[in-house]
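Peer 1: Below you'll find the structure I mean.
Where a number appears in this text, it was derived from the coordinates with a stated rule and is not lab data. Source: prediction; values computed, not measured. Glycine gets a Cβ as well: all are built from the backbone with ideal geometry, and neighbour counts include every protein chain shown.
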Amino acid sequence: MNIYLIMIYLLLILPPILSISYFTNHTQIVSMIGSLLTVFLSVLILFIPLSVYSYFDINQVNRVLIISVSAVYSMSVFFASTYHKGISNPEHLQMHYSLMHLFTFTMLFTLLINNFGLMWIGIEATTASSALLLIIERERNQMEAAWRYVLIVSTGLTIALISIILLYLNYDSLDASFIISGGHGVSLLLSVAGVTALIGFGTKIGIFPMHTWLPDAHGEAPSEISAMFSGILLPVAAYVLYRFYQATVTPVVSELFLFFILFTVIFVAIIMPSQRNLKRMFAYSTMENMALILLGLITGGLALIGAILIIITHAFGKSGAFFTSGNIIKSYGTKDMDHISGLRDRMPSSAATLLGSSLIVTGAPPFTVFAGELLIFYQLIKNGNYLAVGIIATCLLVISLSVISKVSRMIFDGNEKVAEISRIDMTQGSVAMISFLLGFSITVFFLGGLI
Amino acid sequence: MNEFLDFLAALMLLIAIWAQVGSYVISKIQVIVVQTSVLSVYTLISGIYTLSLDLVILAILIIFLRGVLTAAILLRKFPARSQLIRERSTTVPSVIILSIVMIIVTLVVYQFAIFPIMETASSGILTKANPPVTAIGFVIVIQGMLLIATRKSKVSQFTGYIEVENAMILLSLGIFPLPLIVEISVLLDVLALVIVSSVLLSGNMTSERIEELVG
């Protein structure tokens with residue numbers, strides 16, 4: 001067994017081992033140290049040559065995702081350590097940590113496995129391992145959101161199983177790299193496989209109109225789980241759909257993907273201005289980001305690089321936004337943005353991270369999401385998709401203005417009424433700031449020519 | 001032999017219609033047990049007929065993991081007089097009509113959109129495919145989704161999900177059986193979801209409209 005394969009196995013084995021800490025009295029500290037080790041192993045895997053290693057595949061897209069999965073997972077573990085301090089049942093918190101590790105394992109497995117059937121299994125397992133993460137306090141809203149999440153996503157993913165049956169029928173193999181590298185012709189069978197994959201995995205990614213679980217789950221989940229959902233789970237699902245796209249692409253499939261992506265962005269642009277719930281607003285923003293990532297991945301060329309830039313920057317930017325939202329919601333006791341004001345004076349550091357993270361995820365210049373979007377537009381124009389560029393650019397403008405104006409109102413309005421500064425826990429504040437700074441640092445590296 | 005397999009597939013469809021008709025929640029769990037048992041028999045006979053050990057193993061796992069364990073987990077969530085629990089505010093008569101209409105529409109769509117794919121490829125890779133079973137599989141998928149969409153009871157919704165999963169196994173057997181490792185993993189994944197769902201069923205047994213989850 002070569003050293004690279006050992007590293008991959010170590011990365012995969014570590015989170016399940018950490019989940020056993022549920023049976024000890026040191027769950028929290030073991031989780032923190034273990035999550036940092038996972039980050040370390042992910043960084044090592046970044047330097048592995050791109051190739052297939054036994055059952056696993058390392059390629060230019062999934063190695064970036066592995067880093068973002070580990071980093072956001074680690075930050076979420078630290079954030080949870082203080083965010084749930086006053087939890088009514090401490091056993092729930094131990095279970096919460098345990099499930100976070102298993103959830104991370106399922107995502108890493110999905111990214112690394114080189115088999116379409118097992119990729120589907122991995123994505124389905126992310127649902128099973130993450131559903132209970134939503135209900136740490138067993139509140140009515142959380143239970144309902146978790147139920148919708150399980151039911152809608154699982155049913156959607158079942159449709160994707162048709163795609164696997166058809167792929168197996170067509171290629172007599174489910175080996176992803178073998179199928180993709182072999183190329184294929186145009187056939188009706190593959191078109192059906194592509195469309196069922198789009199409907200199935202599109203449900204998990206939040207592609208309109210299969211997205212209905214997404215704002216509920218993001219809105220009701222604890223903030224660190226919203227960060228994991230938005231920052232890493234959805235991009236992992238987008239990666240899987242991208243791999244299926246590569247195996248099934250035909251002109252019909254290509255057009256349908258573009259069609260659904262456009263409708264998703266248009267839908268978000270329509271619904272965003274009316275949002276009042278802070279976390280639901282960022283959930284809808286995630287739909288737009290995922291649509292763009294998927295668009296970049298399937299367009300290829302420079303757009304692929306654009307998608308990778310958005311994946312990594314969005315992971316940190318959106319996590320920062322959700323971590324900060326959690327801190328603000330705890331302090332104000334409401335998610336309603338109409339009742340949140342005076343952030344600049346009441347929570348200065350949270351105001352800064354919220355504004356910064358919002359600018360990152362909405363693709364404001366000079367952040368890397370903006371650069372990624374430009375690369376995607378460039379490739380689309382080169383391919384002659386002028387109409388798509390026009391529609392998306394207009395929708396992005398509407399979405400960005402909506403988010404920034406709502407965030408600005410919370411930060412800059414009502415400061416004259418603020419009597420004192422709200423103190424938030426140092427760990428929570430630091431995690432939110434680090435997440436934002438990581439997103440920002442990618443911009444610095446990109447502008448400095450290091451990426 | 002094929003006729004008998006077709007008969008079993010048709011029986012699964014009838015059971016799916018039974019799920020639409022019944023308004024007692026307990027009947028939904030009976031649907032899971034009976035439909036899964038029929039699917040298991042279908043898989044077992046296919047395995048014996050084609051001399052495939054994989055299918056025989058799959059048949060045993062289906063009945064054990066889905067027929068026995070799933071039903072047992074869901075039944076634990078019910079109070080002692082479970083037979084008396086009826087779904088609130090169901091519009092069963094209209095759903096039955098809708099269900100029948102959907103069966104016809106699905107079969108028409110299958111005939112004109114999906115069957116041609118199988119027919120044109122009949123000399124090639126799809127020679128092993130069984131069109132009647134595939135058609136019934138598609139119909140059960142739609143019936144399962146209809147059950148999810150039209151019912152408020154979480155048990156009924158979950159029954160719809162299991163129905164869709166059963167239909168997928170039937171489709172897979174009707175078109176081209178997947179490798180055993182994938183089929184087993186699918187079964188285990190669904191079992192994990194059943195366990196998770198049983199926790200979510202601990203609260204309110206009906207799905208409801210909550211103001212905070214609107215918009």
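Peer 1: Positive end of the charge dipole of the protein assembly as shown (Lys, Arg +1 and Asp, Glu -1 on Cβ, about the Cα centre): tell me which of A:His184, A:Tyr55, B:Leu200 has its Cα farthest that way.
Peer 2: After comparing all options, I get B:Leu200.
Peer 1: Hand me the GluC sites (Glu not before Pro) from the stretch A:102-159 located in a DSSP loop with no more than 13 other Cβ atoms within 10 Å, in residue order please.
Peer 2: A:Glu139
Peer 1: Mind putting a number on the dipole of chain A about its Cα centre? Charges go on the C-beta only, +1 for Lys and Arg and -1 for Asp and Glu, and I need it in Debye to the nearest 20.
Peer 2: Here chain A has a charge dipole of around 440 debye.
Peer 1: So, with +1 on the Cβ of K and R and -1 on the Cβ of D and E, and no other charges, what is the size of the charge dipole of the stretch A:254-451 about its Cα centre, to the nearest 20 debye?
Peer 2: It works out to roughly 220 debye.
Peer 1: Dipole of the stretch A:254-451 (Lys/Arg Cβ +1, Asp/Glu Cβ -1, origin at the Cα centre): which of A:Phe412, A:Ser341, A:Ala364 lies farthest to the positive side?
Peer 2: Highest projection toward the positive end goes to A:Ser341.
Peer 1: Which one of A:Gly206, A:Gly194, A:Val252 has its Cα pushed farthest toward the positive end of the charge dipole of the stretch A:174-283, where Lys and Arg give +1 and Asp and Glu give -1 at the Cβ?
Peer 2: The Cα lying farthest towards the positive end belongs to A:Gly206.
Peer 1: With a sphere of radius 11 Å drawn around the Cβ of B:Val186, what net charge do the other residues whose Cβ falls strictly inside it have (Lys, Arg +1; Asp, Glu -1)?
Peer 2: Net of charged neighbours comes to -3.
Peer 1: Using a cut-off of 19 Å between alpha-carbon atoms, which aspartates and glutamates can reach B:Lys28, once sequence neighbours fewer than 8 places away in the same chain are excluded?
Peer 2: B:Glu87, B:Glu163, B:Glu165
Peer 1: So, one more: How many Cβ atoms of partner chains, on average, are near each residue of B:182-190 if near means within 10 Å of its Cβ?
Peer 2: Per residue, the number of nearby Cβ atoms from other chains is 5 on average.
Peer 1: Where in chain A are the helices, taken as whole DSSP H runs, whose Cα atoms extend 15 angstrom or more along the long axis and whose Kyte-Doolittle mean reaches at least 1.0?
Peer 2: Helix filter hits for chain A: A:3-19, A:27-45, A:62-83, A:188-205, A:251-271, A:302-332, A:348-361, A:368-382, A:386-412, A:426-447.
Peer 1: Using only atoms on other chains, find how many Cβ atoms lie within 10 Å of each Cβ of peptide A:162-168 and report the average.
Peer 2: For peptide A:162-168, the averaged partner shielding equals 5.
Peer 1: How large is the helix-only mean residue ellipticity at 222 nm for chain A, computed as the sum of -39500 (n - 2.57) over DSSP H runs with n ≥ 4, divided by its residue count, in deg cm²/dmol to the nearest 500?
Peer 2: For chain A, the value works out to -25500 deg cm²/dmol.
Peer 1: Would you mind checking A:Lys406/B:Lys152; A:Lys85/A:Lys335; A:Lys204/A:Lys417 for any pair whose Cα atoms are more than 31 angstrom apart?
Peer 2: Correct reply: A:Lys406/B:Lys152; A:Lys204/A:Lys417.
Peer 1: Now a separate question. To the nearest µm²/s, what D does Stokes-Einstein give for the protein assembly as shown at 25 °C and 0.890 mPa s, using the Kirkwood radius over alpha carbon pairs as Rh?
Peer 2: Answer from the Stokes-Einstein relation: 96 µm²/s.
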